[in-house]
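Novice: The structure under discussion is supplied below as structure tokens; questions concerning it will follow.
The values are calculated or read from the model by the stated rules, or taken from the named source; none is laboratory data. These numbers were taken from a predicted model, which means no experiment stands behind them. Virtual Cβ from ideal backbone geometry, glycine too; neighbours counted across all protein chains shown.
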Amino acid sequence: MLTLITGGSKCGKSRMAETLAVSCGLPLYYIATMEPSGREAEILIGRHRRQREGKGFVTVERYTDIGGVFLPRGCCALLEDAGNLLANEMFSAKAPAPAEKIIAGIEKLKKTAARLIVVTNEVGRDGLNYSAETREYIRLMGEINRRAAEMADMVIEAVFGIPVTLKGERPECL
């Protein structure tokens, strides 16, 4: 089962994803995609670590190539998050087709995990004029989100900490 959780910055996506993962009663794996590059990233990584502390997650740090992550069959995996992963693939790894690579990785993880929860970001709503590089990031993020939502069993948007179900049935734990 694939669940996609989307929303804006600091809207409660991670907390919802962790609550959903813990409620499923399966072995928990957290695929962390944020590269510790700078003070702000380190602060956010620390906050996320504290947030999931004591919940039983095994953390797998994987900044690119999520298709190379090996999980035990039947587990619950939480991928945090697709936005960081795309930035890493585009700018650090310079992958030639980053959206395709990420979607293929999600498909592979979905085949192994009994439950896969992917946290993503809502981008492109502000209508501001960006550089060509940023516009390409926004375009690819939109493509990843659309394709992940198509294959998802459940899509939830976090709006001010409130889960809004866009596809499927929201579980009671949310």
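Novice: Output the qualifying pairs, or none if there are none: Cβ atoms under 8 angstrom, residues six or more apart or on different chains, first residue in region 112-140 and on the phi < 0 side of the Ramachandran plot, second residue assigned to a helix (DSSP H, G or I) and aromatic (Phe, Trp, Tyr).
Specialist: The qualifying pairs are 123/137.
Novice: Given the criterion farther than 17 Å from residue 13 by Cα and surrounded by 15 or more Cβ atoms within 10 Å (Cβ to Cβ), identify the matching residue among 135, 146, 62.
Specialist: Within the list 135, 146, 62, the selection yields 62.
Novice: Confirm whether residue 54 is outside any loop (DSSP other than H, G, I, E, B), more than 16 Å from the chain's Cα centre (by Cα) and at pLDDT below 95.
Specialist: Values: outside any loop (DSSP other than H, G, I, E, B): no; more than 16 Å from the chain's Cα centre (by Cα): yes; at pLDDT below 95: yes.
Considered against the rule, which asks whether it is outside any loop (DSSP other than H, G, I, E, B), more than 16 Å from the chain's Cα centre (by Cα) and at pLDDT below 95, residue 54 comes out as no.
Novice: Tally the residues that are of a type in the set (A, V, I, L, M, F, W, C), surrounded by 15 or more Cβ atoms within 10 Å (Cβ to Cβ) and under 19 Å from residue 114 (Cβ atoms), restricting the search to region 154-174.
Specialist: Within region 154-174, the first condition is being of a type in the set (A, V, I, L, M, F, W, C), and the residues that meet it are 154-156, 158-160, 162, 164, 166, 173-174.
Retained after the next criterion (residues that are surrounded by 15 or more Cβ atoms within 10 Å (Cβ to Cβ)): 154-156, 158, 174.
Imposing the further condition that a residue be under 19 Å from residue 114 (Cβ atoms) reduces the set to 154-156, 174.
Here the count works out to 4.
Novice: Restricting to region 89-108, name every residue that is surrounded by fewer than 22 Cβ atoms within 10 Å (Cβ to Cβ) and either touching a His at 6+ places or on another chain (Cβ under 9 Å) or of a type outside the set (Gly, Ala, Ser) (or both).
Specialist: Scanning region 89-108 gives 90, 91, 94, 96, 100, 101, 103, 107, 108.
Novice: Out of (1) over 20 Å from residue 145 (Cα atoms); (2) among the charged types (D, E, K, R); (3) touching a Ser or Thr at 6+ places or on another chain (Cβ under 9 Å); (4) in a helix (DSSP H, G or I), what's the single condition that is false for residue 101?
Specialist: Of (1) over 20 Å from residue 145 (Cα atoms); (2) among the charged types (D, E, K, R); (3) touching a Ser or Thr at 6+ places or on another chain (Cβ under 9 Å); (4) in a helix (DSSP H, G or I), only one is false for residue 101: (1).
Novice: Would you point out the residue of region 1-52, among those that are over 12 Å from residue 80 (Cβ atoms), touching a residue at least 60 places away in the same chain (Cβ under 8 Å) and hydroxyl-bearing (Ser, Thr, Tyr), that is surrounded by the fewest Cβ atoms within 10 Å (Cβ to Cβ)?
Specialist: It comes out as 9.
Novice: Quick one: what pairs do we get from region 152-172, first residue more than 8 Å from residue 4 (Cα to Cα), second hydroxyl-bearing (Ser, Thr, Tyr), C-beta under 6 Å, 6+ apart or different chains?
Specialist: 157/6
Novice: Would you point out which residue out of 70, 57, 91 is within 23 Å of residue 11 (Cα to Cα) and of a type in the set (Phe, Trp, Tyr)?
Specialist: Testing whether each residue is within 23 Å of residue 11 (Cα to Cα) and of a type in the set (Phe, Trp, Tyr) leaves just 57.
Novice: Would you point out the residue of region 30-51, among those that are among the small types (Gly, Ala, Ser) and part of a helix (DSSP H, G or I), that is nearest to residue 17 (Cα to Cα)?
Specialist: Top of the filtered list is 46.
Novice: OK, next. What pairs can you find where one residue is in region 70-98 and of a type in the set (Lys, Arg), the other is surrounded by fewer than 20 Cβ atoms within 10 Å (Cβ to Cβ), and their Cβ atoms are less than 7 Å apart, with a gap of 6+ or different chains?
Specialist: Cβ pairs passing all conditions: 73/112.
Novice: Would region 69-83 turn up any residue that is assigned to a loop (DSSP other than H, G, I, E, B), within 20 Å of residue 144 (Cβ to Cβ), in contact with a Gly (Cβ under 9 Å, 6 or more places away or on another chain) and not hydroxyl-bearing (Ser, Thr, Tyr)?
Specialist: yes
Novice: Of the numbered conditions (1) more than 20 Å from residue 70 (Cα to Cα); (2) at pLDDT 95 or above; (3) of a type in the set (D, E, K, R), residue 89 fails exactly one; give the number of that condition.
Specialist: Exception for residue 89: condition (1).
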